[in-house]
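Asker: Got a structure for you, written out below as C-alpha cells; questions coming shortly.
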C-alpha cells in the first residue's frame, strides 16, 4: 500500500516534546510489559531492541534528553505515536487524529511544484510534513528503522506554510481550477453526482496540486488551535 501521512493535534497547548516527557513513564511501562507478554505468549520479540535496552535502564527521559543518541529519540517518538498512542489513546486524550489520510505518493507532484519555487523556507517547512523532523535538532528524522517517521510544525511555522501555499498557488478552489486537467475535473463531478450524501472516493485520482490541497485543508482546520501540527508517516 505504501506509506501514508496522517495528522494530529492536541487541545492542551503542549509541544510534542512536552507530551513525550509527561507520558514517558506510562509509555515505558506499557512498552516493556508488551514486550514481556509477547515473548511469554508467542515467543516473538516486540519493538526495537535498542529502545527496549534504553527502557530497561529505568531512565529519566527528560534529564537524559540532551545527551541521548538521536536515533533513540527518533525511534522513541515514532513508537510513542505509532504504537503506544495507537493502542492506548483511541479516545484522543493525548493526541487527536484529524483531517484526511492519503498515501505519500499523492504529495509527489506538489513537492515538485514547491521545489520549483526556489523558496528555501517553503521547501523546509513542507519537508517537515512529508519527510519528518527530529525533536533533537529540528533536522532530518533518523530512527533505527525509519519504518515510521514523525514530523511537526509549531503554530507560527504552520501559519507561515499556509501563507506560502496561498501566495504561490492560491486557495484550494483556485488550485483546482488552475492545475486540474479537464478530465480530472470531470471525474470528480461524476463521482459527486453518483455519491450518497456527498461522500465519494477517487482512489487513483491525483491532480498535480492534490498534496498542496490536502495540506491547506489541514492548515485551515487547525488554524483555531494555537499549537503544533504533528504528522505521522507510516
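Asker: Checking the condition without any contact (Cβ under 8 Å) to a residue 24 or more places away in the chain and under 23 Å from the mean Cα position of the chain (by Cα), which residue from 177, 163, 147 passes?
Answerer: Going through 177, 163, 147 in turn, just one is without any contact (Cβ under 8 Å) to a residue 24 or more places away in the chain and under 23 Å from the mean Cα position of the chain (by Cα): 163.
Asker: Assess whether residue 51 counts as being farther than 24 Å from residue 129 by Cα and touching a residue at least 60 places away in the same chain (Cβ under 8 Å).
Answerer: yes
Asker: Looking at (1) out of contact with any helix residue (DSSP H, G or I) (no Cβ under 9 Å at 6 or more places or on another chain); (2) within 30 Å of residue 79 (Cα to Cα); (3) surrounded by 14 or more Cβ atoms within 10 Å (Cβ to Cβ), can you tell me which one residue 203 breaks?
Answerer: The number of the failed condition is (3).
Asker: In the stretch 31-53, which residues are under 23 Å from the mean Cα position of the chain (by Cα) and assigned to a helix (DSSP H, G or I)?
Answerer: 31, 51
Asker: Tell me which residues, restricted to the stretch 101-120, are in contact with a strand residue (DSSP E or B) (Cβ under 9 Å, 6 or more places away or on another chain) and more than 18 Å from residue 165 (Cα to Cα).
Answerer: Listed by number, the residues that qualify are 101, 102, 103, 104.
Asker: Does the stretch 88-100 include one or more residues that are in a helix (DSSP H, G or I), surrounded by fewer than 16 Cβ atoms within 10 Å (Cβ to Cβ), touching a helix residue (DSSP H, G or I) at 6+ places or on another chain (Cβ under 9 Å) and modelled with pLDDT of 95 or more?
Answerer: Yes, because at least one residue in the stretch 88-100 is in a helix (DSSP H, G or I), surrounded by fewer than 16 Cβ atoms within 10 Å (Cβ to Cβ), touching a helix residue (DSSP H, G or I) at 6+ places or on another chain (Cβ under 9 Å) and modelled with pLDDT of 95 or more.
Asker: Got a sec? Which of 56, 67, 71 is over 23 Å from the mean Cα position of the chain (by Cα) and in contact (Cβ under 8 Å) with a residue 12 or more places away in the chain?
Answerer: 56
Asker: I need the full set of residues from the stretch 129-142 which are over 19 Å from residue 103 (Cβ atoms) and either surrounded by 16 or more Cβ atoms within 10 Å (Cβ to Cβ) or in contact with a strand residue (DSSP E or B) (Cβ under 8 Å, 6 or more places away or on another chain) (or both), in order please.
Answerer: 133, 134, 135, 136, 142
Asker: I'd like to check something: does the stretch 94-110 contain any residue that is in contact (Cβ under 8 Å) with a residue 24 or more places away in the chain, within 19 Å of residue 144 (Cβ to Cβ) and within 16 Å of the chain's Cα centre (by Cα)?
Answerer: Looking for residues that are in contact (Cβ under 8 Å) with a residue 24 or more places away in the chain, within 19 Å of residue 144 (Cβ to Cβ) and within 16 Å of the chain's Cα centre (by Cα), one finds none in the stretch 94-110, hence no.
Asker: Pick out, from the stretch 135-234, the helices (runs of 4 or more DSSP H) lying fully within it that include 3 or more residues that are over 14 Å from residue 110 (Cα atoms) and modelled with pLDDT under 95.
Answerer: Ranges flagged: 182-193.
Asker: In the stretch 11-22, how many residues are touching a residue at least 60 places away in the same chain (Cβ under 8 Å), surrounded by 14 or more Cβ atoms within 10 Å (Cβ to Cβ) and over 17 Å from residue 129 (Cβ atoms)?
Answerer: 4
The values are calculated or read from the model by the stated rules, or taken from the named source; none is laboratory data. Since the structure is predicted, the reported quantities are computational estimates derived from the model, not experimental observations. Positions of Cβ are backbone-derived with ideal geometry, glycine not excepted, and every protein chain shown enters the neighbour counts.
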